[in-house]
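Notes follow the structure.
The values are calculated or read from the model by the stated rules, or taken from the named source; none is laboratory data. Given the structure is predicted, the values throughout are model-derived calculations rather than measurements. Note that each Cβ is placed from the backbone with ideal geometry, even for glycine, and that neighbours are counted across all protein chains shown. Just the protein is used for accessible areas: all its heavy atoms, side chains included, with ligands, DNA and RNA removed. Shrake-Rupley method; radii C 1.70, N 1.55, O 1.52, S 1.80 Å.
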Amino acid sequence: MGSKAGANRRYVDLGVLALAVGGAIGVWNVASHNRELQAALVAAGSRAGEAVVRDRLVGARVALSFLSAGEPDAAEAHLLWIVDHKRCPTCFARATPAWNALGEDASLRRHLIVVGGGDIPEIARRALRGTPVTSLSSEEADAAFGPLLPSTKLLVDREGIVLMADSRTAVSACDWSFEAQVGALRGAIASGVIRSRRPSP
């Protein structure tokens, strides 16, 4: 009788243990799924924010008066890189050779606009050769462009009309280069370098 009761107790204990393990696995699966869902929502929100800024900017007119005197009339187009490096400390690490290659396009002026003041890293000054740097306060940048994400690139014609735009958060990235795309459209850079890797068909 005692051995039967002991066996029953062991079965109950094993059943409780199995339920506990099953419950723990279930909780882990739910938590894992929740993390994946949250990451997907953050990524979707980031892409939506980028699209909103891009759609607002393309075709809009921006004043180029904050650039060096005479430059707006001297160039056919301007490539602006507007960076809030306090919100995007790694943005300058992504400077690409395509930016410097556009220096060969005599009718295109490149400008780095630093938002919020402060010194930009020396590595960025060396990497972005021949690029004048303009500092704007957050209020001045807001007045000139409206709300932006931390890293924004614009192709603007001599009239101040935004022809192309891209705006990114500090954490979002893409495997294509905005400046290489600009260079390909202007015939200054081979189109094959727009993407660092080919998208899946």
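R195 sits with roughly 80 Å² accessible to a 1.4 Å probe, with DNA, RNA and ligands left out of the calculation. Coupling constants for the range 129-136 follow from the phi torsions by the Karplus curve (6.51 cos²θ - 1.76 cosθ + 1.60, θ = phi - 60°), and in residue order they are 5, x, 9, x, 10, 10, 9, 10 Hz; glycine and proline get x.
In this structure, the amide hydrogen of S135, modeled 1.01 Å from its nitrogen in the peptide plane, lies closer than 5 angstrom to those of V114, counting only residues at least 5 positions away or on a different chain.
Students often get this wrong: which residues of the range 145-166 have the backbone nitrogen under 17 Å from the point 7 angstrom along Cα-to-C-beta of A63? Inside the label zone: 145-147, 159-162. Per-residue SASA remark: K86, around 140 Å² accessible (1.4 Å probe; ligands, DNA and RNA not included).
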